[in-house]
1. Here are the criteria: (1) more than 20 Å from VAL287 (Cα to Cα); (2) open to solvent by 50 Å² or more (accessible area, probe 1.4 Å). Tell me which single one VAL205 does not satisfy.
2. Evaluate the stretch 442-452: report whether one residue or more is under 26 Å from GLU53 (Cα atoms) and among the hydroxyl-bearing types (Ser, Thr, Tyr).
3. Looking at the stretch 319-337, can you tell me whether even one residue there is within 19 Å of ALA620 (Cβ to Cβ) and not in a loop (DSSP other than H, G, I, E, B)?
4. Filter the stretch 119-149 down to residues that are touching a residue at least 60 places away in the same chain (Cβ under 8 Å) and either closer than 22 Å to TRP86 by Cα or among the hydroxyl-bearing types (Ser, Thr, Tyr) (or both), then give me how many there are.
5. Of all residues being under 22 Å from ASP111 (Cα atoms) and open to solvent by less than 60 Å² (accessible area, probe 1.4 Å) in the stretch 374-391, which is nearest to the chain's Cα centre (by Cα)? Just the residue, please.
6. Determine the pairs where a residue that is closer than 20 Å to ILE553 by Cβ and open to solvent by 40 Å² or more (accessible area, probe 1.4 Å), located within the stretch 398-427, has a partner that is modelled with pLDDT of 90 or more and of a type in the set (Ser, Thr, Tyr) with Cβ atoms under 8 Å apart, the partner being 6 or more residues away or on another chain.
7. Looking at ARG393, ARG348, which is the one that is out of contact with any helix residue (DSSP H, G or I) (no Cβ under 9 Å at 6 or more places or on another chain) and either more than 29 Å from LEU587 (Cα to Cα) or assigned to a loop (DSSP other than H, G, I, E, B) (or both)?
8. Only one of these is within 28 Å of the chain's Cα centre (by Cα), surrounded by fewer than 17 Cβ atoms within 10 Å (Cβ to Cβ) and modelled with pLDDT of 95 or more: LYS128, LYS170. Name it.
Amino acid sequence: MMRCTRTDLPQWLATGVSMDIQGNLTKIPLSENVILHQSGVSFFRIFTAYRKEKKIRTEKIVSGVISRRAFLDIEKGKSVLSRENWKFLMHRIGIVTDYFEIVVSRKELKDWRCREDICLSACEDCEKAKKLLEEYRNSHIKMSNIERQFCLKIEWLLSRNEKSGEELYKLSKDAVCCTVQEDWKENLSALYVGPEELEAMLLVVWSLLKKNELMDAFRLFDQIQRYPKIHNWEPRMREMICAQIALIGIKLYERMQKIDIAYKIGIESLELLRQQSSQRYVYPLLVELVRIGIMLEKEKSEELQQFLKFQKAFAILYEENKIPYMRVWQCGSIENSYDVGMVLKRMRMAQEKTQEEVCIDENGFSFLNVRQLSRIEKGENRPSTENFQFLTRKMGRELDWIMPMLETDSIEVLSMRQDIIYSIGMRQWKKAQNILEQLKTKIGAEDYKEPQIQQEIQFIEAMYELEANKITVSEAEKKYYEALSYTFELSWLSLEELPFIRSEEGIIISNIADIYHDMGNLKKSEELFEKLSSVYQKKQMLLKTNSSASAIILGQYSRLLGDIMNYKKALYIDSVNLQYELNDFNLIHIENLLYNQAWAYYEIDREQNNQKIQRKFWTAQRIAEFNRKEELINLLKMRENKYLKGD
C-alpha cells in the first residue's frame, strides 16, 4: 500500500475517516486460472444475467463475431475479451458501454485512433481517407470480422460516386455478411445486431436506391427503422443510429415524393440527438432539414429559423476547431478506456518505485522480468491477466480488465446512474436527486454496502445539498473526502504524482479542488488541479479525445485560473479541452467551454478580441439552446450586453 505523510490533509481527516481500500493485498500470486476466472467476472455476471432475463441464446449474440466455444472459454476465464468484441456484443443486446470502464492494450487504442482518422477524412478528403484505409488494411493482414466490416463500409462511402449501383449493392451486402448470417433480410427483427451492423444494412438500402429498386429499398428500410423499438433499445443506444436512419430515410421518402414524412423522420432524429446532447451526424441532418423545410415552405417558421441558427453555430464550432463539417462516427465511445501500460506506469511512479522493485513479490521472487515490464509500460506488450492483477494489487488498487461503474448485477441500476450523471451535467439537480432516490430502492441490501455504491450516493447527495444550500462549503468538503475514501487512499492526494484514478474518483477530487477554490485556498486548489490534469494529459495526447472526467476537471480548473486572473493559461486549457471534447459525440460541456473562452478573451483584451468574443458567446448561446440547458440559457441572456454589445 502506498503511504506518505498526511500533513496536507484537513485536521478532521487525521482522526475520523477510514482510508482502507476494499480488498487486501495479495501476498502470494494466485494461479493463472483463478485470476483469469476473476478477470471480467463482474461484467460476465451482468452480461449473463441480462441475457437470461431477455431469454437470448448465447449463439445468437456471438454469431459472426467469435465462436460459441471461444466465448465460453472467455466466460470461464480462459482468455480475455478484446475491447472491440466486447463493445460489439454489448451493443447487440442493447447495452451501451458507457456503464463500464475498461483497461486495454495500447494497440487497441491506436487501432481505434487509426479508424477515427479515417472517419474524420472520409466525407471531405476522400484521397486522404483512401490512403489511410489502405495503410490500415496493410497493417492488419489478419482482420477480425468487425474490422473487415468497418473497412468495407468506408470503402463503400469512398466509392459511392465511382461504382455502379450493382457494385455498391454487392459491396454493402459483403459488409453486412461479415458479421450477420446471409438470410438476414428475411426476418431482421429475429436477429441480434448492433448499430454498427444496422449502418451496413442502411448502405444496402442506399445501394438499392442507386439501382432504382425503390420498393425493395423501402421494405428493408422499414425493418431497420423499426428494429431499435422492437428490441427496446434505450435512448442512449438509439442515439448511435437514429441520424443515419433519418438521413437514408430522407433520401428514400424524397424519392417516393413524400416530403412531409422525410421531414418528420428528420425532426424525430434531431429531437433524440438533442435529448442526448449528441452531435453525431447533427450537421448533415440540419442541412437536410433546412433544405426540406424550404421545400415545404417553412422558411419563415420559428422552427426552421432555429435550425438555421444551429447549423451556423455548428459551422462556426467546426471551422474554428479545424474539424470537418461532415464526418463518419464510430459507434460507442473510447472515453472510459485506459491504456494498461500507462495505468501500471502511473501507479509505479506514484509509489516512487523502480521497475526492479515492482517485479519482486513479497517472498523476494521475480514474477516478471524488468524487460517485460518495460515493454508493457511502453505499450509494446499486453501483460497476462495474472501479472496485471498481481501488479495492481501490489500497488494498492483492485483493478480488472472490465469494470462496471457500480458494483451491481443490474443494467437498470447502471442506466439510472448514467441518468443521474447526465442530469447533473445539465444542472437539473432536483431530477438527479429524484433518480438517486429511485436508484436506492433498486439496490439490494448486500449491494448497498459496496464501496463504489456508497461513494456514489454520498457524493451525489453532498453535491445536491451544497447546491440547495442545505450544507456549508466546509461540510461539503468533509462529505467529499468521506465519499472519496471508500475507494481511494486519501494519503495519495499528498503524493507528488497521483496514481491511476477511476472516472468518479477524478470528479470527486476535482470537486474537492473546487471547494478549496470557493474557500479561498487557491494554492491548494491549483495544486490539486495540476495533479489531476497530468493524470489525463498523456491519454488525451494519444487519443486526441477526452476521458469522461476530463472536461469537468479542466472546466473547473479554468474557472480557478480565471478567478486568479491567469486568463492566458485558462484560455489555453479551454481551447485544448474544447478540441478534445469535440472529437467525441457528447456536447454536454461544449457551451460552458465556449463561454469560458469568451470570458478569457474579454479579460485579455476586449477591444482586440471583440469579434472572437462575440462569435464564442453567440455560439455558446446556440449550443445551450440545442442542449436545452435552461439555467445556462438564462445566464447567457443576462450577460448579452457585456459580451455581444460591449457594455
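1. (2)
2. Step one: list which residues in the stretch 442-452 are under 26 Å from GLU53 (Cα atoms), which gives 442-450, 452.
This time we only want the ones that are among the hydroxyl-bearing types (Ser, Thr, Tyr), so: 448.
For the stretch 442-452, residues under 26 Å from GLU53 (Cα atoms) and among the hydroxyl-bearing types (Ser, Thr, Tyr): present.
3. For the stretch 319-337, residues within 19 Å of ALA620 (Cβ to Cβ) and not in a loop (DSSP other than H, G, I, E, B): present.
4. The number of residues fulfilling the criteria is 6.
5. As a first pass, look at the stretch 374-391 and keep what is under 22 Å from ASP111 (Cα atoms): 374-385, 388.
Now restrict to residues that are open to solvent by less than 60 Å² (accessible area, probe 1.4 Å): 374, 376-377, 379, 383-385, 388.
Working: SER374: 29, ILE376: 25, GLU377: 24, GLY379: 22, PRO383: 25, SER384: 26, THR385: 25, PHE388: 24 Å.
Result: GLY379.
6. Close Cβ pairs satisfying both conditions: TYR422/SER277.
7. ARG393
8. Numbers: LYS170 fails: within 28 Å of the chain's Cα centre (by Cα).
On inspection, the qualifying residue turns out to be LYS128.
The values are calculated or read from the model by the stated rules, or taken from the named source; none is laboratory data. A quick note: this is a predicted structure, and the numbers were derived from the prediction, not measured. Quick reminder, even Gly has a Cβ in these numbers, built from the backbone with ideal geometry, and neighbours come from all protein chains shown. Ligands, DNA and RNA are stripped out before the accessible areas are found, and what is left, the full protein with its side chains, is counted by its heavy atoms. Shrake-Rupley method; radii C 1.70, N 1.55, O 1.52, S 1.80 Å.
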